[in-house]
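This is the structure, below, for whatever I ask next.
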Amino acid sequence: VAEVHPLLLEAEVAEEVHHLLLVVGVVAEVHHLLLEAEEVHPPLVVVEEVEEVHTGKWRSDGFSEHVINAHIQEVPENAADVAHLDQVHGPFLIQGVDLRTTNLPSFFSQVRHGWTAAWEALPPPEEHIGVLRLSHFMTIFGCRVPLTTINVEARQIGPSVVHLHFQHAIFGKGVLLQELTPIEPLLLRMTHQVWVSRWMPWFIGKLFLLGEYHQVERDIMIWNNKRYVSKPMLVKEDELIKKHRRWYNQFYSENSPRYTADRNSLDW
């Protein structure tokens, strides 16, 4: 299930939406994930502000929302799964979002997205932050296209907030704000909002959001059809996934509820 809000938001509405998200973030301060109601802990994470957004230097160029069927840990774990980038996100956007056809030969199959990426957890006192540093570029017939490089630093803050900072050599800087909200077991609401410098051409920010939207749709096809395995068999190329899982475990507690629904019933 996917719902896309209009890409063009009135500036006043966008500002109100962001300020509301900030208030929610400051009040909630991301407590332990999935805690029992009677369990009380001091806040582990305070969501950092993006100064350019908070001070109004940047403008909002759009908002998108998806509802997905997945374990909440699956989404941030995507950052550590760098091996999937070429297979899932390599085909040109025009190839669509259906992974059964995106890699089939076509007129556009020689146009691809290229990626280099690395993920790491930050040391104390920022141990609640994981960082994905990524470089995106385009290739045609295997040759790199000039001026298509976008450098990205995605900061996973706690279990459900991501600030994805991006920079282009000509068009400048921006940020994509991602938030995950559990609705019920294995059902999540994921939102993205893009903010860019006010002098950036209006279509660049919207093009970035459109590209992110289509790439996320490809991930959703996997999330909606995969099963979370707590102790998977990993190969050497999946070493970062193992590190990411150890890092993410800090957001659970001893009393975090477990999903124990009757596997023979659909009543849940």
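Pop out the ³J(HN,Hα) list for segment 218-224 in order, Karplus 6.51 cos²θ - 1.76 cosθ + 1.60 with θ = phi - 60°, rounded to Hz; leave Gly and Pro as x.
In residue order, the calculated couplings are 5, 4, 4, 4, 6, 4, 6 Hz.
To the nearest 10 square angstrom, how much accessible area does F208 have with a 1.4 angstrom probe?
Looks like 40 Å² after rounding.
Same structure, new question: If each of L234 and K57 carries a label point 7 Å out from its Cα toward its Cβ, how far apart are those two points in nm?
3.7
Also, quick follow-up: How much length, in nm to one decimal, is gained on full extension between H214 and T139, taken as 0.36 nm per residue of separation minus their Cα-Cα distance? Don't skip to the answer; put the middle values down first.
Values: separation 75, 0.36 × 75 = 27.00 nm, distance 1.84 nm.
Stretched out fully, the H214 to T139 stretch lengthens by 25.2 nm.
Sticking with this one: Ignoring ligands, DNA and RNA, please state the percent of accessible area on segment 143-268 from carbon and sulfur, probe 1.4 Å. If you can, show how the numbers build up before the last one.
On the way: 4220 of 7490 Å².
Here it works out to 56 percent.
Any chance you could check the Cα centroid distance between segment 220-245 and segment 93-163 for me, in angstrom?
For segment 220-245 versus segment 93-163, the Cα centre distance is 18 Å.
Hey, another quick one. T101 accessible area, nearest 10 Å², 1.4 Å probe?
Surface accessible to solvent at T101 totals approximately 60 Å².
Right, another one. Whole number in Å², please: accessible area per residue of segment 202-261, 1.4 Å probe, ligands, DNA and RNA not counted.
Spelled out: the 1.4 Å probe surface of segment 202-261, per residue, equals 67 Å².
While we're looking at this one, here's another question. Sticking with the crude label model, points 7 Å out along Cα→Cβ, report the distance from T181 to R100 in nm, one decimal please.
3.3
Let's see if you can work this out: charge +1 on each Lys and Arg Cβ, -1 on each Asp and Glu Cβ, no other charges. What is the dipole magnitude of segment 45-115 about its Cα centre, in debye to the nearest 20? Walk me through the numbers on the way to the answer.
Numbers: 4 positive and 11 negative charges, 85 e Å.
Value, rounded to 20: 400 debye.
Taking amide H positions as placed 1.01 Å from N in the peptide plane, with prolines and chain starts having none, which residues 5 or more places from H128, or on another chain, fall under 5 Å of its amide H?
Placed amide hydrogens put nothing under 5 Å from H128.
Quick one: accessible surface of V162, probe radius 1.4 Å, all protein chains present, in square angstrom to the nearest 10.
20
Also: Only four residue types carry charge here, +1 at the Cβ of Lys and Arg and -1 at the Cβ of Asp and Glu. Report the dipole size of segment 107-211 about the Cα centre in Debye, rounded to the nearest 20. Don't skip to the answer; put the middle values down first.
Working: 8 positive and 6 negative charges, 104 e Å.
It comes to approximately 500 debye.
Now a separate question. Looking at L209, N225, I241, which one has the Cα that reaches farthest to the positive end of the dipole of segment 130-268 (charges on Cβ: Lys, Arg +1; Asp, Glu -1)?
Final value for the positive-end residue is I241.
GluC sites (Glu not before Pro) within segment 74-177: which are DSSP loop residues with at most 14 other Cβ atoms inside 10 Å?
Values: sites: E74, E77, E120, E126, E127, E153; in loops: E126, E127.
Passing both the DSSP loop test and the Cβ count: E126, E127.
So which lysines pass the test for K173, namely a Cα distance under 27 Å, with those fewer than 8 places away in the same chain ruled out?
K57, K206
What lysines sit close enough to K226 to cross-link, taking a C-alpha to C-alpha distance under 25 Å and skipping anything fewer than 8 places away on the same chain?
K236, K242, K243
Taking all protein chains together and a probe of 1.4 Å, list K206, K173 from the most accessible to the least accessible.
On the way: K206 25, K173 105 Å².
Sorted descending by solvent-accessible area, the residues read K173, K206.
The values are calculated or read from the model by the stated rules, or taken from the named source; none is laboratory data. The shown structure was predicted, so the numbers you read here are calculated from the model rather than taken from an experiment. Because the Cβ atoms are built from the backbone with ideal geometry, glycine has one as well, and the counts that use them run over all protein chains shown. Accessible surface is based on the protein model in full, side chains and every heavy atom, while ligands, DNA and RNA are left aside. Shrake-Rupley method; radii C 1.70, N 1.55, O 1.52, S 1.80 Å.
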